[in-house]
Amino acid sequence: MEAAAAPAMAAAEVSNKRVTLKRYVTGFPTEDDMEVVTATARLAVPPGSAAALVKNLYVSCDPYMRSRMTRHEESSYVPDFVPGEVLTTFGVSKVVESGHPGYKPGDLVWGMTGCEEYTLITNPESLFRISHPEFPLSYYTGVLGMPGLTAYVGFFDVAKPKKGEYVFVSAASGAVGQLVGQLAKITGCYVVGSAGSDEKVNLLKTKFGFDDAFNYKKEKDLNAALKRCFPEGIDIYFENVGGVMLDAVLLNMRLRGRVSMCGLISQYNLEQPEGVCNLFTVVAKRIRMEGFIVMDYFGSYGKFEEEMAGYLKEGKITYVEDVAEGIESTPAALIGLFHGRNLGKQLVAVARE
């Protein structure tokens, strides 16, 4: 960063711990694929620029970040990370200095930032202002941020639920799944979730109000488990997992069922992705499978934020977070997602204010 032109006194420099990608990853990532390095940040924005310097308070760990750790010959919907450069992610930040007319020091924002203590945001217009600071600010990495909007648009805009329908959610205790289940209950649906531990299954039934839930690791036959939970079949499948779970679900979909394709976490670390065998059911049962990317819906964020804030205030939605402390804990927190170590939304507290 350049020093400010005037006054003559140089801007303060502070230590800036950051998480970088050490090398491109194949197979399961490890903590050693990332590196925590200490650099410096100048508490100023370049003269004449419309950038904003932010202090990061919370950063988000999300499954989609795994694909960015691998080099792709064909570009995806988000660019690959670059070895030696800081990882980027969604985060909650406080503006320290701003050359942008829309932001001033002290403003609280969320949006794409660096996995570091301080970040110079060159396009502050991409940030969202935090309208409900009465909630924990960490909620803007989750229920009031990108995962919340993902659950909302994936369920309402893509799956288009109707009262009384049968809904199945995989990875149901995660950042997105826990919200899809609760939104489905608000809508008047019957909801079942799958998760990878008895503790998570208990959370689904007791805290999030799912009608039923099962531990997929304890089920020898996923098709049988789904038939047990959905004797009438499934109208809506909110897909977070892929692989054998998707194959089993397709056999249990009802006529004109909808599959909202949010993610495929079971496939992200495989060098050879698993195929899907039961695709003919899509024809026979007239199933609609639709993928979506939450960034396409950022224009409707304001409406979503107000609605979700209302549900939180009314106690209709509850949210569980798994918070790691300190920027240096980011590699372990991110890797933990792929081993099911997190209980709820995984995030890192960088600085508490």
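Where does the charge balance sit around G145 when Lys and Arg score +1, Asp and Glu -1, over other residues with C-beta under 11 Å from its C-beta?
Net charge in that neighbourhood comes out at -1.
Assuming 0.36 nm per residue, please report the length gained on full extension of the stretch V78 to D32 beyond their Cα-Cα distance.
Between V78 and D32, full extension yields an extra 14.3 nm.
When the chain is modelled as a GNM with alpha-carbon springs shorter than 10 Å, which of V259, V25, V59 fluctuates the most?
Of the options given, V25 has the highest mean-square fluctuation.
I'd like the distance separating the alpha-carbon centroids of region 103-180 and region 50-71, in whole Å.
Computed from Cα coordinates, the inter-centre distance equals 13 Å.
Using the structure shown, select from K205/K303; K220/K316; K162/K227; K160/K345; K55/K313 the pairs with a Cα to Cα distance greater than 32 angstrom. Walk me through the intermediate numbers first.
Working: K205/K303 29 Å; K220/K316 34 Å; K162/K227 21 Å; K160/K345 25 Å; K55/K313 28 Å.
The pairs that break the limit, which is 32 Å between Cα atoms, are K220/K316.
Taking 8 Å as the Cα distance limit and 6 or more residues as the minimum spacing, I'd like the relative contact order of region 49-171 as a percentage. Show your work: numbers first, answer last.
Working: 184 pairs, mean separation 34.3, N = 123.
Reported relative contact order: 28 percent.
Using each residue's phi in region 201-207, evaluate 6.51 cos²θ - 1.76 cosθ + 1.60 at θ = phi - 60° and report the 3J(HN,Hα) Karplus result to the nearest Hz, with x for Gly and Pro.
Calculated HN-Hα couplings, in order: 4, 4, 4, 4, 7, 9, 9 Hz.
To the nearest 0.05, how large is the calculated FRET efficiency for E271 and E353 if R₀ is 51 Å and r is the Cβ-Cβ distance?
Calculated transfer efficiency: 0.75.
Where Rh is the Kirkwood radius over the Cα pairs of region 168-231, the temperature 25 °C and the viscosity 0.890 mPa s, what D in µm²/s does Stokes-Einstein return? Don't jump to the answer; show the numbers that get you there.
Working: Rh = 11.4 Å.
Answer from the Stokes-Einstein relation: 215 µm²/s.
Over the alpha-carbon set of region 205-310, work out the extent along each principal axis and list the three values in angstrom, largest first.
Answer, in whole Å and largest first: 42, 35, 31 Å.
How many percent of the accessible area of the chain is carbon or sulfur, using a 1.4 Å probe?
Answer for the chain: carbon and sulfur cover 53 percent of the accessible area.
Within region 297-353, list the trypsin sites (Lys or Arg not before Pro) lying in a DSSP loop whose Cβ has at most 15 other Cβ atoms in a 10 Å radius. Working shown, then result.
Working: sites: K303, K313, K316, R341, K345, R352; in loops: K316, R341, R352.
Passing both the DSSP loop test and the Cβ count: K316, R341, R352.
Which whole-number percent gives the relative contact order of region 295-353, counting Cα pairs below 8 Å spaced six or more residues apart? The partial results should precede the final answer.
Working: 48 pairs, mean separation 19.8, N = 59.
Averaging sequence separation for qualifying contacts and normalising by length gives 34 percent for region 295-353.
State, to one decimal in nm, how far the label point of V244 lies from the label point of K313, with both points 7 Å from Cα in the Cβ direction.
With each label point 7 Å from Cα toward Cβ, the separation is 4.7 nm.
Given H placed on each backbone N at 1.01 Å, which residues far from T113 in sequence or on other chains put an amide H within less than 5 Å of it?
Close amide H contacts, sequence-distant or interchain: T89, F90, G91.
Tell me which of S49, T113, F81 sits at the most positive position along the dipole axis of region 1-146, charges placed on C-beta atoms (Lys, Arg +1; Asp, Glu -1).
S49
Taking the Cβ of V276 as the centre, find all other residues whose Cβ is under 14 Å away and add up their charges (Lys, Arg: +1; Asp, Glu: -1).
Working: positive: none; negative: E239, D247, E274.
Overall, the nearby charge balance is -3.
What share of Cα pairs, in percent, lie more than 33 angstrom apart in the chain?
The calculated P(r) of the chain puts 30 percent of pairs beyond 33 Å.
Find me the longest stretch of the chain that has none of the exposed chymotrypsin sites (Phe, Trp or Tyr not before Pro), where exposed means in a DSSP loop (not H, G, I, E or B) with at most 16 other Cβ atoms within 10 Å.
On the way: sites that count: Y24, Y77, F292, F338.
With chymotrypsin sites (Phe, Trp or Tyr not before Pro) excluded where exposed in loops, the chain gives 78-291 as its longest stretch.
Please give every one of the aspartates and glutamates within straight-line cross-link reach of K185, meaning a C-alpha to C-alpha distance under 20 Å, and leave out same-chain neighbours fewer than 8 residues apart.
D157, E165, D211, D212, E232, D235, E239, E305, E306, E307, E314
Calculate, axis by axis, the spread of Cα positions in region 17-121 along the three principal axes, and write the results as whole Å, longest axis first.
Largest first, region 17-121 extends 43, 29, 23 Å along its Cα principal axes.
Give me the 1.4 Å probe accessible area per residue for region 1-119, excluding ligands and nucleic acids, in Å².
Here the per-residue accessible area is 47 Å².
Consider a paramagnetic label point 7 Å from the Cα of R341 along Cα→Cβ; state which residues of region 13-35 have an amide N under 14 Å from it.
Of the residues in region 13-35, 29-34 have backbone N under 14 Å from the label point off R341.
Give the residue list of GluC sites (Glu not before Pro) in region 69-104 that are DSSP loop and have at most 10 other beta-carbon atoms within 10 angstrom.
E73, E74
The values are calculated or read from the model by the stated rules, or taken from the named source; none is laboratory data. The structure presented is a predicted model; accordingly, all values stated were derived computationally and were not measured. Neighbour counts run over all protein chains shown; Cβ positions are idealised from the backbone, glycine included. Remember, those area values only see protein heavy atoms, side chains included, never the ligands or the DNA or RNA. Shrake-Rupley method; radii C 1.70, N 1.55, O 1.52, S 1.80 Å.
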